[in-house]
Every structure is written in structure tokens, then in C-alpha cells.
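Since the structure comes first, as C-alpha cells, the remarks are kept for the end.
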Amino acid sequence: MSRYFDIDDIIMEDEHSAVFFKVGANGVGLLDPSAETNRVEQGSRVELPFWLANELYLRQAVSVNVPPCFNLKTRREIQADAACVDLRSRCPYFYELGCKVAPLIGDRTIGSFLLYAFMNRFKDILSKAHSAAFAVAPRFLPLLTKEEMQLYEAACSSMTGFKKWRVGGSRFEKASILGKKKRSSE
């Protein structure tokens with residue numbers, strides 16, 4: 001876990017991934033709902049939260065499958081029109097999970113896929129944040145992941161500050177640290 005106390009990181013690592021056990025394991029039958037005993041057999045497919053799948057992968061006990069949010073269907077949809085794909089319903093932390101799962105599954109194309117998706121969606125997010133009327137937001141915002149939502153909010157805040165400055169804010173602002181200097185008595 002890279003950021004132990006970050007709630008977004010905790011929620012992201014709770015996303016489920018399918019794993020195949022490379023070895024049999026005693027005492028973990030609760031992980032496999034179809035298991036009749038308290039043992040998971042070698043070759044069993046089990047859905048585990050990412051944090052546990054990662055730990056078991058590091059111990060070479062499991063192999064991790066590509067999560068459904070990075071499957072071929074999603075990739076084709078993003079290549080067709082990235083801005084219209086509802087990534088939030090597939091994985092609210094799409095980019096962060098992709099970065100963490102890529103080394104585990106050995107798929108070298110996930111990095112370039114994430115970059116392509118982000119670049120195409122980023123342009124749309126910024127243009128809508130800077131120019132879109134509030135009527136467009138209700139249809140657009142539910143498609144954004146948590147990371148994209150933070151970018152959208154930052155862009156809106158930036159645009160609001162710019163408009164405030166442009167309309168009549170002071171052209172130059174004095175830094176508070178550069179206030180009056182005290183002269184020392186000689």
C-alpha cells in the first residue's frame with residue numbers, strides 16, 4: 001500500500017480482480033465461495049480484492065487476470081470515442097488501478113492504453129470545464145472517474161478565479177509575506 005491513510009487508495013485497492021491459485025492453500029476456503037472445505041485447490045479461480053491479490057502475487061501464490069474494466073470491449077469503446085465511455089461505472093479509480101495492476105498481469109499495452117484514454121478524455125474535460133454551461137454538466141459528470149472529477153473541479157476553480165480576476169480584481173496582489181518591514185532601532 002503506497003498511501004496507507006488515503007481513503008481513495010483504500011477504496012481503489014478494494015476493487016475485485018480474478019486470480020488463479022498457482023498452489024493449493026489451506027485455511028483460505030472462505031475466499032472461494034464454491035469451496036466445500038477450508039482449502040483452495042491449485043488452479044482455482046477466485047475473485048479477490050486487489051490488495052490481497054497483490055500480496056498473494058508477490059508471494060507467487062496466484063496469477064492475476066486482467067480486470068474487466070481493461071478488457072478488449074472497453075479498449076475498443078475508448079478507441080472509438082473516449083469521451084462517451086462511462087468509466088466510473090466500470091472502475092471509479094480506473095487510472096490508478098490500471099497503473100497498479102499493469103505490472104502484475106504482464107500486459108505491456110495497459111500503460112499506452114491508459115495514456116491514450118487519459119489524453120483524449122483530458123482535452124474534453126478541460127474544454128467542458130472552461131466553456132460548458134451548467135446544463136451540460138449533469139450528463140457529463142457521471143461518466144468521469146474520481147481522478148477525472150478532481151481535474152474537472154480544479155479546472156472549474158481555475159476558470160472561476162480567472163473570470164473574477166478579469167472582471168475587476170486587482171491586477172497585482174501583494175504577497176502577505178511582503179508586508180511592512182520592521183525597522184530595527186539603531
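Computed from the C-beta positions of Met159 and Arg76 and an R0 of 45 Å, the FRET efficiency is 0.85 to the nearest 0.05. Residues in region 66-82, backbone N under 18 Å from the label point at Met119 (7 Å along the Cα-to-beta-carbon vector): list them, ranges by number please. The answer is 75-82, whose backbone nitrogens lie closer than 18 Å to the label point. Packing order of peptides 11-19, 84-92, highest average first: 11-19, 84-92 (average count of other Cβ atoms within 10 Å over each peptide's residues). Label-to-label distance for Ser63 and Gln42 is 1.3 nm, based on points extended 7 Å past Cα in the beta-carbon direction. What pairs from Lys22/Lys146; Lys100/Lys123; Lys100/Lys163 go past 29 Å between their alpha carbons? With Cα atoms farther than 29 Å apart: Lys22/Lys146; Lys100/Lys163. When the residues Thr145, Thr37 are ordered by accessible surface, computed with a 1.4 Å probe over the protein chains alone, the sequence from largest down reads Thr37, Thr145.
Here the gap between Asp14 and Arg139, fully extended at 0.36 nm per residue and compared with their Cα-Cα distance, gives a gain of 42.3 nm.
The values are calculated or read from the model by the stated rules, or taken from the named source; none is laboratory data. Model, not experiment: these values are computed from the prediction. Ideal geometry is used to build each Cβ from the backbone, glycine not excepted, and the neighbour counts take in all protein chains shown. SASA here: full protein model, heavy atoms, side chains in, ligands and nucleic acids out. Shrake-Rupley method; radii C 1.70, N 1.55, O 1.52, S 1.80 Å.
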